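Structure, as C-alpha cells:
What follows is calculated from the coordinates using simple rules that are stated; it is not laboratory data. Being a predicted model, the structure only gives us computed values, none of them experimental. Note that each Cβ is placed from the backbone with ideal geometry, even for glycine, and that neighbours are counted across all protein chains shown.
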Amino acid sequence: MILLTKSFEDYFSELQADMVSVCLECVDHKAEDIYLYCSYEPETYYFNVFYRINKTFVLKHKVNDAVRLVNGTQEYNYDVSRDRQLGLLNICIEDLKKIHEVCNAFNREMPTEMKLHYNVEKNSLVANYKYELVYSNDDELLPDDLFEQWFEEISKSQA
C-alpha cells in the first residue's frame, strides 16, 4: 500500500533509482552504462538488464566476458551465480510492481514498456516509455524478444 506523502514523480523516480542501484551493485559499480528493460502488459511483469563494461555490451549473465585479461588472468571476476541473477530479477520485478501500485494510487497509466539508460560516469538516467501494448497482441512476440532486439540495436549502434 502506498501512502501518498510524496508526489507521483518522487515515488516513480525513487523506484527507478532503486532498480538502477541494484543493477549497479550486481556489477560491483564497475560498469560504464546500464540498460534496464521493464515491461508490464496485463498481469505480466518482465525485467532484464544489460551493461556496457570496458566498452563491451554484455548481458547480465555474461558480464565476465567484458573483463580485461592481465597476463592471461581476468582482472576481475563478477558473481554471475544463479542466485545472484534471480535475486536481481526478483528485486527489480518487485520494484516494477510497486511502480504499478504508485500509478494506480495516483490514477496514472502504467507504462507497458520502460527502457532506461543509466550513464554511470555522468550519473544520468534517460527513460523512454510506451503505453500501448507491445507484445500481448502478437501470437509469437515475447518480452524476451523485445529485450534482445533492444540489446542488438544498442550494441550495434555503439560499435
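Using the Karplus equation 6.51 cos²θ - 1.76 cosθ + 1.60 (θ = phi - 60°), what ³J(HN,Hα) coupling, rounded to whole Hz, does each residue of the stretch 123-137 give in order, writing x for Gly and Pro?
The phi angles translate into 6, 10, 10, 10, 10, 10, 10, 10, 10, 9, 4, 10, 10, 4, 8 Hz.
Pairs to check: K60/K115; K6/K115; K30/K98; K62/K130; K30/K115; K30/K55. Give those whose C-alpha atoms are more than 18 Å from each other in this structure. Write down the numbers at each step before the final one.
Numbers: K60/K115 16 Å; K6/K115 24 Å; K30/K98 27 Å; K62/K130 28 Å; K30/K115 21 Å; K30/K55 12 Å.
Among K60/K115; K6/K115; K30/K98; K62/K130; K30/K115; K30/K55, the Cα-Cα distance tops 18 Å for K6/K115; K30/K98; K62/K130; K30/K115.
Nearest 10 degrees is fine. How inclined is helix 8-26 to the longest principal axis of the chain, computing both from alpha carbons?
With both axes taken from Cα atoms, the answer is about 20 degrees.
Where does the chain land at 222 nm, in deg cm²/dmol rounded to the nearest 500, when only DSSP H runs of n ≥ 4 count, each adding -39500 (n - 2.57), divided by all residues? Could you put the intermediate results ahead of the total?
Details: 3 runs with 58 residues, N = 159.
Mean residue ellipticity, 222 nm, calculated: -12500 deg cm²/dmol.
Kirkwood Rh, Cα Rg: Rg to Rh for the stretch 1-132? List each step's numbers first, then the result.
Working: Rg = 16.0 Å, Rh = 15.7 Å.
Result: Rg/Rh = 1.02.
How big is Rg to Rh over the stretch 79-123, alpha-carbon atoms, Rh as the Kirkwood inverse-mean-distance radius?
Computed over Cα atoms, the ratio is 1.10.
Once you put a point 7 Å from the Cα of K30 and another 7 Å from the Cα of R108, both along the Cβ direction, what distance in nm separates them?
3.6
When we measure straight from the Cα of K122, which aspartates and glutamates land under 12 angstrom away, once same-chain ones fewer than 8 places off are left out?
Partners within reach: E32, D33.
Using DSSP to define loop residues, name the GluC sites (Glu not before Pro) in the stretch 85-119 whose beta-carbon has at most 12 other beta-carbon atoms within 10 Å.
In loop regions of the stretch 85-119 (DSSP not H, G, I, E or B), the sparsely surrounded GluC sites (Glu not before Pro) are E109.
Taking the Cα atoms only, what angle lies between the long axis of helix 82-105 and the longest principal axis of the chain, rounded to 10 degrees?
30
How tilted is helix 143-157 with respect to the longest principal axis of the chain? Cα atoms for both, answer in degrees (0 to 90, nearest 10).
The angle comes out at about 50 degrees.
Would you mind calculating the relative contact order of the chain from Cα pairs under 8 angstrom and at least 6 residues apart, reporting the percent as a whole number? Mind dumping the intermediate values first?
Values: 214 pairs, mean separation 39.7, N = 159.
So the answer I get is 25 percent.
What percentages make up the Cα-Cα pair-distance distribution of the stretch 98-155 when the bins are 10 Å wide from 0?
Cα pair-distance distribution for the stretch 98-155, in percent: 19, 40, 33, 8, 0.
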